[in-house]
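The values are calculated or read from the model by the stated rules, or taken from the named source; none is laboratory data. From a predicted model like this one, the values you see are computed outputs, not experimental measurements. Quick reminder, even Gly has a Cβ in these numbers, built from the backbone with ideal geometry, and neighbours come from all protein chains shown.
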Amino acid sequence: MTNNKHVAIIGAGSFGTALALAMARGNHHVTLIPQTKDHEHELITHRENKTYFPGFTLDSRIDINSDYSVLQTADVILWVIPTQYSHGLLSTIKSTIPDHVPFVICSKGIDCTQTPVTHDSLLSSIVAKIINNPLAVLSGPNLAIEIAQGLPAAATLAADSMDMAEHLSHLLSTPLFSLFAHDDMIGVQIAGAVKNIIAIAGGIISGAELGQNAKAALLGRGLEEMKSLGMAMGARSETFFSLAGMGDLILTCTSTHSRNTSLGIALGQGKSLREILESRNSVSEGVYTAEAVHSLSKRYQIDMPICEAVYQVVQQNIPVGAVMKALIGARNSIHSF
């Protein structure tokens, strides 16, 4: 394993912080780059991310610096900025990023801030239009809290070439954080984005106490929706049965640590979306991705009833009860909701 590289992580939320801890355990020199001076001060002063990810002491090998000039010495850059903010921030800081440094996208979602939503709305396409760096995508069944705790985890690292994917997988893997090379960047990104929408649906089923049969049915149907959209956009079917597809879908839909699942649970219990979002300082990507996937399903003429139901709830303020039939796959009228 190649150690002692400079890994710069842009984005100091929960997952960015967890990745910083994992990379430090792999004996890398890590720079964690927060988005504000106030957050930088907090991280330096307390050596803890009290705002977004409390409870973990930042390793001494983790530097905190909000000055993007630090990227000039990076051997690899990890991008952990929410999708809807990525275009704006990357456009602002692009001059600070050396062209040769591999740039690994660790955010999940599809950008709906620029219309129309197309294949070019994938983060890899957006990034490629702004910078000229070698690109990769990191995605997989990863709960930030377990990575931070040092529990074993695995993920997919996809690049356009298998050589680049294998190089970066080798570089960034640690004994407790194993990365597996893949070369279907489109499929890995679609899987990572759509599973967040399915997780909201799964959370709704849990919150409404509809049982494990309904949850299992939703997972199977959700995987099919994910695969159908991905293949229409040029992905390979087998990608959706990998860590990045089925693996991530199962984890996200069955863990209350998932921000998307917990949001769905609250919706299923009768809370309003506005009430839920106002109580959080973290981003539930599925809320924003639902709009993008709605547009893509229409563009590619893909039937995605689960994703459409979630879109109606989180983007059109349709009551949960009105879409429950689509979520549970009922073929007849449901009078109890």
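Annotations
- Every pair of residues 6+ apart whose Cβ atoms lie under 6 Å, when the first sits in the range 199-222 and is outside the structural domain of K108 (by TED's automatic domain parsing) while the second is among the basic types (K, R): G202/K215; I205/K215
- Total residues in the range 74-85, condition within 17 Å of K129 (Cα to Cα) and modelled with pLDDT under 95: 3
- For the range 257-313, filtering for residues that are among the polar types (S, T, N, Q), part of a helix (DSSP H, G or I) and touching a residue at least 24 places away in the same chain (Cβ under 8 Å) leaves 6.
- Taking the range 282-316 as the range and being within 15 Å of A266 (Cβ to Cβ) and at pLDDT 95 or above as the test, the residues that pass are V310, V313, V314.
- Top-ranked residue of the range 156-166 - restricted to ones that are touching a residue at least 12 places away in the same chain (Cβ under 8 Å) and surrounded by fewer than 23 Cβ atoms within 10 Å (Cβ to Cβ), ranked as nearest to A232 (Cα to Cα): D160
- Test: residue in the range 10-27 that is in a strand (DSSP E or B) and modelled with pLDDT of 95 or more: yes
- Restricting the range 84-131 to residues that are of a type in the set (D, E, K, R) and buried (at least 20 other Cβ atoms within 10 Å of the Cβ), the residue that is farthest from D160 (Cα to Cα): D111
- Inside the range 63-103, residues that are in a helix (DSSP H, G or I) and over 23 Å from A193 (Cβ atoms) make up a count of 11.
- Residue within the range 43-57 that is without any contact (Cβ under 8 Å) to a residue 40 or more places away in the chain, part of a helix (DSSP H, G or I) and hydrophobic (A, V, I, L, M, F, W, C) present: yes
- Test: residue in the range 176-190 that is farther than 22 Å from L78 by Cβ and among the aromatic types (F, W, Y): no
- Residue in the range 58-77 that is in the same structural domain as S121 (by TED's automatic domain parsing), among the aromatic types (F, W, Y) and under 22 Å from the mean Cα position of the chain (by Cα) present: no
- Flag for T73 being out of contact with any helix residue (DSSP H, G or I) (no Cβ under 7 Å at 6 or more places or on another chain), surrounded by fewer than 19 Cβ atoms within 10 Å (Cβ to Cβ) and free of Cβ contacts under 8 Å to residues at least 24 places away in the same chain: no
- For the range 90-114, the set of residues classified as within 26 Å of A191 (Cα to Cα) and either among the basic types (K, R) or free of Cβ contacts under 8 Å to residues at least 24 places away in the same chain (or both) consists of K108 only.
- Test result for A244, farther than 14 Å from V314 by Cα, in the same structural domain as V314 (by TED's automatic domain parsing), crowded, with 19+ Cβ neighbours inside 10 Å and of a type outside the set (K, R): yes
- Of all residues making up the range 78-105, the number that are more than 24 Å from H41 (Cα to Cα) and either among the aromatic types (F, W, Y) or under 13 Å from the mean Cα position of the chain (by Cα) (or both): 5
- Considering the conditions (1) in contact with a Phe, Trp or Tyr (Cβ under 8 Å, 6 or more places away or on another chain); (2) more than 18 Å from E285 (Cα to Cα), M226 is excluded by exactly one of them, (2).
- Given (1) buried (at least 20 other Cβ atoms within 10 Å of the Cβ); (2) more than 20 Å from the chain's Cα centre (by Cα); (3) within 21 Å of S139 (Cα to Cα), index of the condition M324 fails: (3)
- L277 being of a type outside the set (K, R) and in contact with a helix residue (DSSP H, G or I) (Cβ under 7 Å, 6 or more places away or on another chain): no
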